[in-house]
Amino acid sequence: MATMSACFEVCSLPSSTRLLGVEPMCGGENIIVTTEKSVRVYRVRDQKLLHTWSIRQQGGQLTSPALYNPRTEEFIVLMNKQTICLWTKDLEHLSKCTKVTVKKPISHLKLLPDADPILVFDGGSPWWLPCITAAPDTAVLDVLDIEEELVWCDVTGRGEGVLAVCVSKEVKTDTQSYTAYLCELLPGNQDTPDYQTLQLTPPDNTSTLLCCCLEEHLLSVWSCGSVCSHSLDSSLAAVEDEGVVVPGNVLHKLDLPKGGDSGVSMVMLGPHHVGLAMEGKETVQIWDTKFWTLQADRSLQDVPGTGVEKLYRYGDYMIVARQTSVAALSFSIQPTSLAAVMGKQTAEAVTLVPQDWGGPAKKRRHLSTESSALLQKLLDPQQTRDLPSFEQVFSQLKTDRETLSSPAAVCQLTQRVVTEERFWARSTLAELVETGLLSGSSSPGLFERVEKENDVALWRSCLLHVKDIPEASLVARVQYLLGLDDSLLEPASADVPMETAEQDIPTCPLSAAKAALLDQVLCRSYSGLFLQDSLAELQFSQVMMFLRYLHYKLTSAPAPSQGNQGKVVSVDQVVDWLCALVDAHFTQLVLTPESRDVLLGLHEVVRQRLQFYQGLNDLDALLAQLKDKSPPLVTKKQDESLYSIRTIQIF
């Protein structure tokens with residue numbers, strides 16, 4: 001038997017780049033998502049982005065999923081098929097990683113726990129990674145013939161070594177001919193590995209291979225719908241005895257769409273269980289390969305995207321790669337018996353003792369039938385085509401307090417308002433935002449639609465109430481404010497001083513109202529590492545204006561304190577944004593004469609701060625000496641009726 005939880009989105013994928021793969025981070029609870037231009041590390045349980053690296057060089061792109069080697073604590077990825085990149089998690093820019101270039105193109109990177117990484121070249125030859133990095137000029141012999149191309153490969157543990165299985169296809173023949181090359185790699189062996197070949201006979205002459213997966217045996221899915229099993233041990237024995245290789249056993253016949261090759265993805269979940277996803281079906285299934293029965297089925301309709309590009313396994317999770325997102329669902333499997341398959345398994349009744357949690361159980365929220373009908377009417381553009389009908393139905397729905405306390409309902413209604421082009425339901429959206437149930441990931445397009453309407457008051461409300469706004473969205477908000485016309489802002493919203501009596505402090509380059517809004521953006525939580533990539537999208541004119549404003553804030557922002565967190569921009573926050581902005585546009589700032597004045601001003605501010613901190617260090621040493629020479633402090637009991645006033649003036 002098997003069970004699966006509901007599917008949830010881990011991350012979204014940019015439409016401008018292609019997903020290369022998702023790999024588990026060995027020894028941790030994270031996954032590595034690799035596209036042609038970036039490598040990102042996510043924690044699955046809370047969908048948090050932990051690390052990100054991207055390629056900026058012209059003509060460079062990644063060509064394999066990135067791996068993490070726990071032995072060396074290094075990430076590994078292929079660039080342009082012939083460059084091996086290695087780096088640690090502390091590296092900020094991928095351009096500074098260690099690079100090893102080889103002569104022949106590499107097709108795949110593979111890694112098993114407690115083993116070194118393995119490189120599989122385009123010619124089908126597998127090698128240990130340390131052997132190649134130590135001697136990049138090593139002569140690598142092709143295993144495949146000239147008329148063969150590598151279509152699939154994987155590795156599995158075998159005794160003390162690793163068994164690599166590569167499947168090739170003859171490209172210049174009318175018949176479908178597939179060959180499996182089996183190569184056993186032993187630890188420490190640096191010689192050219194030996195291999196054995198097996199013929200994978202299709203169930204019929206016209207069938208093409210769709211996908212494979214490997215553990216104790218090789219499973220293959222063909223375009224005719226047949227699922228075949230190939231025993232590697234018996235096949236190897238037949239090869240050694242020069243016997244006839246028996247075709248794979250047909251286990252099951254899948255119902256695949258006719259006409260053309262259908263997309264099928266399969267992943268091993270255990271010795272007798274596989275995860276399966278087929279084109280045209282928005283579901284993920286778990287099948288028992290021992291009796292080939294369907295054990296569990298889970299819909300993917302709640303996850304953005306269409307189709308399933310590939311399935312991966314990560315511990316007790318199945319990772320689902322879709323066209324525009326990566327999702328995950330947890331699963332559990334139990335051994336299947338013949339009695340359970342036939343429905344004749346019996347189990348003894350077990351008396352369950354309820355756990356006393358010290359209070360009444362919390363009731364689950366369910367929308368009433370009437371509220372559900374009203375919600376569906378609001379979500380259907382055909383039933384609420386204009387603003388009056390939409391607001392009328394929404395006013396009826398508000399009478400049920402449970403509706404606006406449901407995050408799912410609030411997110412769905414927000415998406416309807418944001419994507420509606422025929423009318424602008426401003427008051428409805430304002431009420432939805434003020435619930436505080438929206439987050440940056442659950443409300444895509446919210447800020448963009450409000451900015452399109454130039455509704456600054458609602459924009460400010462969104463900034464105050466929407467939680468967990470990602471760094472890319474924060475930078476987009478900065479870009480919007482820098483290009484906003486001051487006539488759209490209310491002067492009364494100014495809450496920052498615009499002028500100062502000291503001549504050394506620069507004046508604010510922005511209006512009071514715009515500066516107040518920009519401060520709210522700067523106060524939001526962020527990661528300095530992720531700010532830099534997003535700030536690179538700013539135009540240089542906006543960079544200069546933003547840099548001058550940060551220069552002004554650096555001279556006037558207060559030190560961070562417990563009482564003003566999240567309300568007033570602190571020096572630490574200004575410095576973080578400054579560092580990210582200068583790093584993102586370093587070359588342009590150095591080469592452009594217009595930036596010289598503001599850079600010199602920033603340098604002077606930093607010099608003064610360093611001089612001030614040096615004075616504090618000297619004062620600290622003096623106070624430490626006074627503390628050592630002074631008599632012990634009186635205890636609290638002795639000091640009950642005494643008081644003293646001490647004044648320290650810093651010159």
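The values are calculated or read from the model by the stated rules, or taken from the named source; none is laboratory data. This one's a predicted model, so the numbers in the text were calculated from it and none came from an experiment. Virtual Cβ from ideal backbone geometry, glycine too; neighbours counted across all protein chains shown.
Summary table below
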quantity: Residue identified as in contact with a Pro (Cβ under 8 Å, 6 or more places away or on another chain), of a type in the set (Val, Ile, Thr) and crowded, with 17+ Cβ neighbours inside 10 Å among Val77, Val41; calculated: Val77
quantity: Some residue of segment 407-418 being polar (S, T, N, Q), in contact with a Pro (Cβ under 9 Å, 6 or more places away or on another chain), more than 22 Å from Arg524 (Cα to Cα) and assigned to a helix (DSSP H, G or I); calculated: yes
quantity: Neighbours by Cβ (under 6 Å, 6+ apart or cross-chain): first from segment 521-538, at negative phi; second aliphatic (A, V, I, L, M) and assigned to a loop (DSSP other than H, G, I, E, B); calculated: Leu522/Val569; Cys523/Val569; Arg524/Ile469
quantity: Among the residues listed as Val303, Val320, Val308, the single one being part of a strand (DSSP E or B), surrounded by 15 or more Cβ atoms within 10 Å (Cβ to Cβ) and either within 18 Å of the chain's Cα centre (by Cα) or modelled with pLDDT under 70 (or both); calculated: Val320
quantity: Residues of segment 618-651 that turn out to be modelled with pLDDT of 80 or more and acidic (Asp, Glu), as a count; calculated: 2
quantity: Within segment 100-117, tally of residues that are surrounded by 13 or more Cβ atoms within 10 Å (Cβ to Cβ) and in a strand (DSSP E or B); calculated: 6
quantity: Qualifying residues in segment 193-204 (those that are part of a loop (DSSP other than H, G, I, E, B) and surrounded by 14 or more Cβ atoms within 10 Å (Cβ to Cβ)) - the one modelled with the lowest pLDDT; calculated: Pro193
quantity: Wholly enclosed helices (runs of 4 or more DSSP H) of segment 506-617 bearing at least 3 residues under 30 Å from Gln57 (Cα atoms) and at pLDDT 85 or above; calculated: 528-535, 540-556, 571-584, 586-591
quantity: Filter result for Ser207 (modelled with pLDDT of 80 or more, surrounded by 14 or more Cβ atoms within 10 Å (Cβ to Cβ), under 38 Å from the mean Cα position of the chain (by Cα) and not in a loop (DSSP other than H, G, I, E, B)); calculated: no
quantity: All positions within segment 157-189 that are hydroxyl-bearing (Ser, Thr, Tyr), in contact (Cβ under 8 Å) with a residue 40 or more places away in the chain and within 16 Å of Trp222 (Cα to Cα); calculated: Ser168
quantity: Selection status of Glu434, crowded, with 17+ Cβ neighbours inside 10 Å and of a type in the set (Asp, Glu); calculated: no
quantity: Top-ranked residue in segment 210-225 [being in a loop (DSSP other than H, G, I, E, B) and touching a residue at least 40 places away in the same chain (Cβ under 8 Å); ranked as surrounded by the fewest Cβ atoms within 10 Å (Cβ to Cβ)]; calculated: Glu216
quantity: Number of positions in segment 137-177 that are closer than 28 Å to Thr208 by Cβ, in a strand (DSSP E or B) and out of contact with any Pro (no Cβ under 7 Å at 6 or more places or on another chain); calculated: 16
quantity: Qualifying residues in segment 174-192 (those that are of a type in the set (D, E, K, R) and loosely packed, with under 14 Cβ neighbours inside 10 Å) - the one nearest to Trp128 (Cα to Cα); calculated: Asp191
quantity: Residue match in segment 240-248 (condition: surrounded by 16 or more Cβ atoms within 10 Å (Cβ to Cβ) and either part of a strand (DSSP E or B) or modelled with pLDDT of 80 or more (or both)); calculated: no
quantity: Hey, Leu91 part of a loop (DSSP other than H, G, I, E, B), at pLDDT 85 or above, among the hydrophobic types (A, V, I, L, M, F, W, C) and surrounded by fewer than 19 Cβ atoms within 10 Å (Cβ to Cβ) or not; calculated: yes
quantity: Residue selected from segment 43-71 under the condition hydrophobic (A, V, I, L, M, F, W, C) and part of a strand (DSSP E or B), by the criterion nearest to Asp154 (Cα to Cα); calculated: Leu67
quantity: Selection from segment 271-284 of residues that are farther than 13 Å from Tyr312 by Cα and not in a loop (DSSP other than H, G, I, E, B); calculated: His273, Met278, Thr283
quantity: Candidates Glu170, Glu148, Glu160, filtered to the one that is surrounded by 20 or more Cβ atoms within 10 Å (Cβ to Cβ), over 30 Å from the mean Cα position of the chain (by Cα) and of a type in the set (D, E, K, R); calculated: Glu148
quantity: Residue count for segment 11-27, restricted to those that are part of a strand (DSSP E or B) and over 17 Å from Pro304 (Cβ atoms); calculated: 4
quantity: Those residues of segment 110-124 which are modelled with pLDDT of 90 or more and over 16 Å from Glu184 (Cα atoms), in sequence order; calculated: Asp122, Gly123
quantity: Test: residue in segment 28-42 that is modelled with pLDDT of 90 or more and assigned to a loop (DSSP other than H, G, I, E, B); calculated: yes
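Matching residues to (1) within 12 Å of Met25 (Cα to Cα); (2) surrounded by fewer than 18 Cβ atoms within 10 Å (Cβ to Cβ); (3) in contact (Cβ under 8 Å) with a residue 24 or more places away in the chain:
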{"residue": "Lys48", "(1), (2), (3)": "no, yes, no"}
{"residue": "Ser54", "(1), (2), (3)": "no, yes, yes"}
{"residue": "Gln58", "(1), (2), (3)": "no, yes, no"}
{"residue": "Leu62", "(1), (2), (3)": "no, no, yes"}
{"residue": "Ala66", "(1), (2), (3)": "yes, no, yes"}
{"residue": "Thr83", "(1), (2), (3)": "no, yes, no"}
